[in-house]
Amino acid sequence: MDFTAARARLVLSLRREITDEGVLDAVEKVPRELFVPPSQREYAYEDRPLPIGHGQTISQPFIIALMVQAMELKGGEKVLEVGTGSGYQAAILAHIADYVVTVERYGDLADKAAAVLRRLGYANIEVHEAKSRLGWREAAPYDAIVVAAGAPMVPQELLDQLKNMGRLVIPVGSRYEQDLLQVVKNDDDFTYRNLGPCRWVPLVGEGAWDDVGDVNP
Ligand code: SAH
């Protein structure tokens, strides 16, 4: 299969709705086929989520592009991703921002993602197994934070880890469907923008959903 041609076709279709050239350029550069299990490789450039184990998924390319676009990155930023999963979105971010911190609840997904990212030569990403507290305070504050899982509310813990004028992009809603929100911090004020409906696996932990175990391991 010609992955390069498939990737170019994906970028072309994303162009219909994504306008940030930096984001499109990053999608053009990251080999999504290396972030999915071998059995899923032939589907790597279909615009849909794919299973990566533990009932988790590598997200749909369009939604990833939409979220990264909403982070409004110009280059030079330090960003946080909550929910490393396969590591694909972290790689996209690493092409645009200066430095990426990413955290993942499942230690073996974090290890796998870190190994692929290392193999591909990304030197500006640090992958951590998540602690009970949401996010990663050790490297805060961040210019932008993206949450790759659905939350029941906007977690104060993540707002605290944002710089002033920082952007938090997070799906908020029920366990099964959410609205994608962009929250901008302006001193003690926050502005909210709704980017539309989406479906994510649940954000689990303190300030989010309870763990119900692997739904579909
Ligand atoms: N961005 C990923 C897709 C992530 S799927 C990619 O590009 O492949 C969402 C991930 O969030 C899952 O792997 C899940 O285990 C993780 N997750 C859920 N709650 C979390 C939390 N509180 N902290 C860190 N990771 C979390």
Label-point separation in nm, Leu120 to Gln156, each point 7 Å along Cα→Cβ: 3.7
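Let me have the relative contact order for the chain, percent, based on Cα pairs under 8 Å that are six or more residues apart. Spell out each step's value before the answer.
On the way: 454 pairs, mean separation 33.4, N = 217.
Relative CO of the chain lands at 15 percent.
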Amide H neighbours of Glu126 under 5 Å, at least 5 residues apart or on other chains, H built in the peptide plane: list them. Val100, Val101, Thr102
Suppose only helical runs count, i.e. DSSP H with n ≥ 4. What mean residue ellipticity at 222 nm does that imply for the chain under -39500 (n - 2.57) per run, divided by all residues and rounded to the nearest 500 deg cm²/dmol? -8000 deg cm²/dmol
Calculated P(r) of the chain - Cα pairs past 32 Å, %: 9
Anchor Lys29: aspartates and glutamates whose Cα lies under 14 Å away (excluding residues fewer than 8 positions away in-chain): Glu21
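What size of dipole, in debye to the nearest 20, comes out for region 68-114 about its Cα centre when the only charges are +1 on Lys and Arg C-beta atoms and -1 on Asp and Glu C-beta atoms?
Working: 4 positive and 7 negative charges, 7 e Å.
Around 40 debye, computed over region 68-114.
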State, to one decimal in nm², a quarter of the convex hull surface area for the C-alpha atoms of region 1-112, i.e. the direction-averaged projected area. 6.5
Among the helices of the chain (complete DSSP H runs), which have Cα atoms covering no less than 20 Å along the helix axis and a Kyte-Doolittle mean of at least 1.0? none
If you project the alpha carbons of region 28-80 onto their three principal axes, what span does each projection cover, largest first, in Å? 36, 24, 17
Check Thr57: other-chain or 5+ apart residues with amide H under 5 Å from its amide H, H built from backbone geometry? Ile52
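Give the carbon-plus-sulfur fraction of the accessible surface of region 63-198 in %, rounded to a whole number; probe 1.4 Å, heavy atoms of protein chains only. Kindly include the intermediate steps, with their values, before the conclusion.
Numbers: 2700 of 5600 Å².
For region 63-198, the apolar C and S fraction of the accessible surface comes to 48 percent.
The values are calculated or read from the model by the stated rules, or taken from the named source; none is laboratory data. All values derive from a computational prediction rather than experimental measurement. Quick reminder, even Gly has a Cβ in these numbers, built from the backbone with ideal geometry, and neighbours come from all protein chains shown. The protein model used for the area step is the full one, side chains on, heavy atoms only, and it has no ligands, DNA or RNA in it. Shrake-Rupley method; radii C 1.70, N 1.55, O 1.52, S 1.80 Å.
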